[in-house]
Each structure stands twice: as structure tokens, then as C-alpha cells.
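> Structure in C-alpha cells, see below.
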Amino acid sequence: MVSHRVNKIEASQTMQIAAEAKRLKADGINVIDLSVGEPDFPTPHNIKEAAKTSIDENHTRYTINAGTIELRKAITAKLKRENGLNYNLNQVIVSNGAKQSLYNAILTIINPGDEVIIPAPYWVSYPAMVSMAEGKSVFVSASEKNGFKLLPEELEKVITPKTKALILCNPSNPTGSTYTRKELENLAEVIRKNDCWIISDEIYEKLIYDDFEFVSFASLSEEFKKRTILVNGISKAYSMTGWRIGYTAAPEEIIEGMNKIQSHSTSNASSVSQSAAVEALTGPQYVINEMLTEFKQRRDYLHYELTSLPGISCYKPEGAFFLFPNISAYFNKNTNVLRVNDSFDFAMYILYEAHIATVPGSAFGAENYLRISYAVSMEHLKEAIIRLKKALSKLS
């Protein structure tokens with residue numbers, strides 16, 4: 001018998017789609033994968049060389065559980081330089097990816113029955129993490145007309161004395177929406193009246209377009225810095241998803257708790273990856289701008305093409321590398337072999353009919369939508385649009 005924690009959570013729909021896409025690829029079918037949440041660029045050369053040097057110099061043993069001093073110094077310097085935030089080394093912990101950072105943070109602060117507010121659309125793992133910590137997820141649907149961003153009056157309706165935390169993904173996965181300073185300040189005014197934490201997931205921080213200015217929640221004021229658990233990492237900005245380095249900056253009591261949990265689960269992150277992360281944070285940064293230029297071109301192209309299709313609307317986001325079109329106009333339509341009832345059906349239909357892998361909006365708490373990643377080449381995006389148009393024309 002498995003535990004009640006396992007029984008309370010479901011397998012990720014993103015993994016189901018990915019597994020089916022891989023099966024089709026194994027059968028020799030040319031699947032265009034627009035479901036991936038990782039950049040398609042190689043890790044920059046200087047970062048790879050730093051990792052090789054680390055291996056050659058035999059930096060291959062256990063490190064301090066919370067991360068090497070060198071890496072934590074690089075993180076605190078980054079936070080000071082780019083976000084105007086002052087943290088000491090005891091207020092930073094390095095983990096095996098930002099996902100572990102988030103999970104350890106939730107385990108550290110959540111007691112059974114504590115409520116965690118999660119704006120929807122949300123990243124698929126937030127509710128599962130809260131559930132495994134025996135907390136209660138409280139969902140708030142953010143509308144497309146407001147850029148999928150949580151409004152202060154919406155937060156006011158659901159925040160209660162039982163609220164332990166608000167999880168804010170900024171920029172957002174899956175929508176790419178990003179909060180202005182004023183929008184964050186408006187949310188802060190509501191939070192100020194209540195004693196709760198803000199878990200600020202900022203992993204897409206550097207993937208920002210159109211001269212938008214990213215603002216970290218912790219930078220709003222010293223008061224909110226003390227109430228913010230800031231999670232970030234190197235995976236998205238430096239195309240290092242497989243290196244598994246995330247980090248958390250928070251009050252020392254939170255970091256101490258996370259350190260305890262990590263010491264009994266995975267211990268330290270990879271020593272070689274930590275050396276590479278130091279180079280990522282302290283070395284040349286021009287590669288990020290090169291990626292951003294390409295991502296912006298892809299975003300603009302894909303957004304134009306999607307919104308040119310009959311019945312599809314799509315918010316044009318300021319960050320990340322996802323579009324989140326509303327595809328509900330195609331619900332309750334049929335082909336000769338199936339009926340499209342919801343976003344999962346739609347995703348499976350275009351996977352089988354057009355050989356395009358995407359993620360249904362239901363995985364993110366937004367049934368009428370579809371997450372499409374543009375972290376693939378322009379060539380693949382153009383081919384995907386051709387295939388999508390053909391598949392949609394068969395629905396009636």
C-alpha cells in the first residue's frame with residue numbers, strides 16, 4: 001500500500017504528453033515538440049569549460065550541504081547587483097534545481113491544514129507540492145483580459161487567517177505574464193494586512209522582452225524582503241536545465257529549515273554543476289541577450305500566426321518562452337474518429353493528427369487553454385503552424 005500523500009496527487013499531464021510524444025518518435029514519426037520547458041540553445045562555452053576545469057582539478061567530492069561558499073557568494077553578489085537585495089551567506093541555499101528549492105521551502109513553512117494561495121494558471125507542480133506537505137491549495141483564477149495576473153481584489157477575497165503563503169510565479173509559467181512594480185505593490189498592500197509568506201518563483205527573471213523591467217518581490221521594501229522566499233536558478237537564463245542548480249534566498253530561519261530537509265534527502269547539489277554555476281553568474285552575460293533576440297522573434301511570429309487562426313485569442317506575454325492561447329472555440333468539434341471535448345482532447349488530437357506536442361491548459365488549472373513553448377527553432381515553428389492549420393481544418 002502506498003502512502004496517502006502519493007494517493008492525493010496525480011501524475012503530471014505534461015509527463016503523459018511527453019511520454020506519448022517520445023513513443024511516436026521511437027516509431028519513426030517526426031513529432032515537433034512544443035511542450036518543452038527548456039531553452040533549445042547549448043550551454044555557453046565558457047560555462048562548459050569551467051565544468052571541465054572543475055573535473056580536471058578533482059572538485060568532485062561532497063560540498064557543504066547548502067552549497068559552496070564560492071557559489072553562494074556569487075549568488076549574493078548577483079542579488080545585490082541586479083535586484084538591489086542584500087543577503088548574507090546564511091540566507092542562501094543551493095539545491096538540485098529550483099524545483100527542489102520550491103519543495104524544500106514549502107515543506108519548511110507548511111503545517112497540515114495551512115492554506116497556500118496559488119493563482120491559476122499555475123505551474124503544474126505547485127499544488128502537488130502543497131499537497132505532499134499536507135497543506136491546502138486555494139486557487140484563484142486570473143483572467144486573460146488582465147494578462148493572467150492576480151488582482152489585489154481577487155487576493156483580498158481568498159486570503160484568511162489560515163493563509164500561510166502566496167506562491168507567485170513571475171514571469172509566469174505557463175502564461176509568460178510578468179508583474180510591474182505597481183502591480184506587485186498593490187498585492188503587497190493586501191498581504192501587509194495578513195501574516196503570510198510570499199514564495200516568489202523568479203526562474204524566468206532574465207527572459208524579459210519589449211524593454212519590460214523585471215522587479216523582484218523582495219525588493220519592494222525591507223518589510224517584504226523579510227516575508228519573501230525568493231527562488232531562482234541558472235537553468236532557463238543560461239540554458240542549463242540538466243545541470244540542476246537552483247537557489248533560495250530568504251530569512252535565516254527559513255534557510256536553516258531548508259538546510260535540514262536537504263541534508264536528509266539529497267544533500268548538496270553536484271559539485272561540478274556548482275562550479276559551472278559560478279561561471280554562469282560571474283562570467284560574460286552576452287549570451288543571454290543573444291537568446292532573448294531569438295526568443296522575441298519566435299514569440300512575435302508565433303503570436304501573430306496563432307491569433308490569425310479562427311476562434312483563437314492569445315495574450316502576448318512579456319516574459320518566459322511560452323504562449324497560452326485560448327483554444328476553447330474548438331471544443332465540441334468532431335473528426336471522423338473523435339470528439340474534442342476539452343484541452344486534453346485538443347492536445348492529444350494535434351499530437352496524433354499533426355504530430356505536434358503541447359500541454360493542455362487543464363494541467364495548469366485553466367481548461368480553455370493550451371501551453372505552447374517557442375523554445376524550438378523558427379523552422380520547427382513554421383512547420384508546426386502549417387500542420388496545425390491543416391489539423392484544425394478537419395474539425396467540424
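> Working carefully through the options Glu279, Glu305, find the one that is within 26 Å of Glu82 (Cβ to Cβ) and either touching a residue at least 40 places away in the same chain (Cβ under 8 Å) or crowded, with 18+ Cβ neighbours inside 10 Å (or both).
Matching residue, one of Glu279, Glu305: Glu279.
> Looking at the stretch 14-32, can you tell me whether even one residue there is in contact with a strand residue (DSSP E or B) (Cβ under 6 Å, 6 or more places away or on another chain), closer than 30 Å to Pro325 by Cβ and part of a loop (DSSP other than H, G, I, E, B)?
Yes - at least one qualifying residue is present in the stretch 14-32.
> Anything in the stretch 361-396 that is of a type in the set (S, T, N, Q) and more than 29 Å from Met291 (Cα to Cα)? List them, or say none.
Passing the criteria: Ser362, Asn368, Ser393, Ser396.
> Step by step: first the residues of the stretch 358-371, then only those that are part of a strand (DSSP E or B) and closer than 12 Å to Gly37 by Cβ, then the one that is farthest from the chain's Cα centre (by Cα). Which residue is that?
Val359
> What are the residues in the stretch 139-162 that are more than 20 Å from Ser177 (Cβ to Cβ) and either buried (at least 16 other Cβ atoms within 10 Å of the Cβ) or under 16 Å from the mean Cα position of the chain (by Cα) (or both), if any?
Across the stretch 139-162, the qualifying residue is only Ile159.
> Could you tell me whether any residue of the stretch 21-28 is of a type in the set (Lys, Arg), surrounded by fewer than 19 Cβ atoms within 10 Å (Cβ to Cβ), under 22 Å from Phe364 (Cα atoms) and modelled with pLDDT of 85 or more?
Checking the stretch 21-28: at least one residue is of a type in the set (Lys, Arg), surrounded by fewer than 19 Cβ atoms within 10 Å (Cβ to Cβ), under 22 Å from Phe364 (Cα atoms) and modelled with pLDDT of 85 or more.
> Going by the structure shown, is Asn268 in a helix (DSSP H, G or I), farther than 23 Å from Tyr122 by Cα and not aromatic (Phe, Trp, Tyr)?
In short, no.
> Quickly run through the stretch 295-352 and pick out the residues that are within 30 Å of Ser216 (Cα to Cα), of a type in the set (A, V, I, L, M) and not in a loop (DSSP other than H, G, I, E, B).
Across the stretch 295-352, the qualifying residues are Leu302, Leu323.
> Spot the failing condition for Asn86; the list is (1) in a helix (DSSP H, G or I); (2) out of contact with any strand residue (DSSP E or B) (no Cβ under 7 Å at 6 or more places or on another chain); (3) not aliphatic (A, V, I, L, M), and only one is missed.
Unmet for Asn86, out of (1) in a helix (DSSP H, G or I); (2) out of contact with any strand residue (DSSP E or B) (no Cβ under 7 Å at 6 or more places or on another chain); (3) not aliphatic (A, V, I, L, M): (1).
> Give me the pairs: first residue in the stretch 180-204 and within 15 Å of Ile229 (Cα to Cα), second residue charged (D, E, K, R) and surrounded by 16 or more Cβ atoms within 10 Å (Cβ to Cβ), beta-carbon distance under 8 Å, and six or more apart or on different chains, which are they?
Pairs found: Ile191/Arg227; Cys196/Lys164; Cys196/Arg227; Trp197/Lys164; Trp197/Arg227; Ile198/Arg227; Ile203/Lys236.
> Another question, if that's okay. Residue check, Ser271 against (1) without any contact (Cβ under 8 Å) to a residue 60 or more places away in the chain; (2) touching a His at 6+ places or on another chain (Cβ under 6 Å), all met but one. Which one?
Going through the list (1) without any contact (Cβ under 8 Å) to a residue 60 or more places away in the chain; (2) touching a His at 6+ places or on another chain (Cβ under 6 Å), Ser271 breaks only (1).
> Take the stretch 368-381 and flag every residue that is in contact (Cβ under 8 Å) with a residue 12 or more places away in the chain and loosely packed, with under 15 Cβ neighbours inside 10 Å.
Within the stretch 368-381, Ser377, Met378 meet the criteria.
> Can you tell me which residue in the stretch 317-360 is surrounded by the most Cβ atoms within 10 Å (Cβ to Cβ), limited to those that are within 25 Å of Glu294 (Cα to Cα) and β-branched (Val, Ile, Thr)?
Of everything passing the filter in the stretch 317-360, Val359 is surrounded by the most Cβ atoms within 10 Å (Cβ to Cβ).
> Mind checking whether some residue in the stretch 272-283 is touching an Asp or Glu at 6+ places or on another chain (Cβ under 6 Å) and at pLDDT 95 or above?
Taking every residue of the stretch 272-283 in turn, at least one turns out to be touching an Asp or Glu at 6+ places or on another chain (Cβ under 6 Å) and at pLDDT 95 or above.
> Looking at the stretch 33-56, which of its residues are part of a helix (DSSP H, G or I) and surrounded by 17 or more Cβ atoms within 10 Å (Cβ to Cβ)?
Within the stretch 33-56, Ile47, Ala50, Ala51, Ser54 qualify.
> Hey, does the stretch 194-202 have a residue that's under 18 Å from the mean Cα position of the chain (by Cα), more than 17 Å from Gly319 (Cα to Cα) and either crowded, with 24+ Cβ neighbours inside 10 Å or among the acidic types (Asp, Glu) (or both)? Please lay out each step first, then the result.
Of the residues in the stretch 194-202, the ones under 18 Å from the mean Cα position of the chain (by Cα) are 198-202.
Pick out the ones that are also more than 17 Å from Gly319 (Cα to Cα) and you get 198-199.
Narrowing the set further to residues that are either crowded, with 24+ Cβ neighbours inside 10 Å or among the acidic types (Asp, Glu) (or both) leaves 199.
Checked against the condition, which is being under 18 Å from the mean Cα position of the chain (by Cα), more than 17 Å from Gly319 (Cα to Cα) and either crowded, with 24+ Cβ neighbours inside 10 Å or among the acidic types (Asp, Glu) (or both), the stretch 194-202 yields at least one hit.
> (1) outside the structural domain of Glu205 (by TED's automatic domain parsing); (2) over 19 Å from the mean Cα position of the chain (by Cα): which one isn't true of Glu70, the others all being true?
(1)
> A follow-up question, please. Quick one: is Ala66 part of a helix (DSSP H, G or I) and in contact (Cβ under 8 Å) with a residue 12 or more places away in the chain?
Here the answer is no, as Ala66 does not meet what is asked.
> Filter the stretch 218-264 for residues that are outside any strand (DSSP E or B), in contact (Cβ under 8 Å) with a residue 60 or more places away in the chain and of a type in the set (Ser, Thr, Tyr); which is farthest from Ala276 (Cα to Cα)?
Ser219
The values are calculated or read from the model by the stated rules, or taken from the named source; none is laboratory data. The structure presented is a predicted model; accordingly, all values stated were derived computationally and were not measured. Cβ sites come from the backbone with ideal geometry, for glycine too, and all protein chains shown count toward neighbours.
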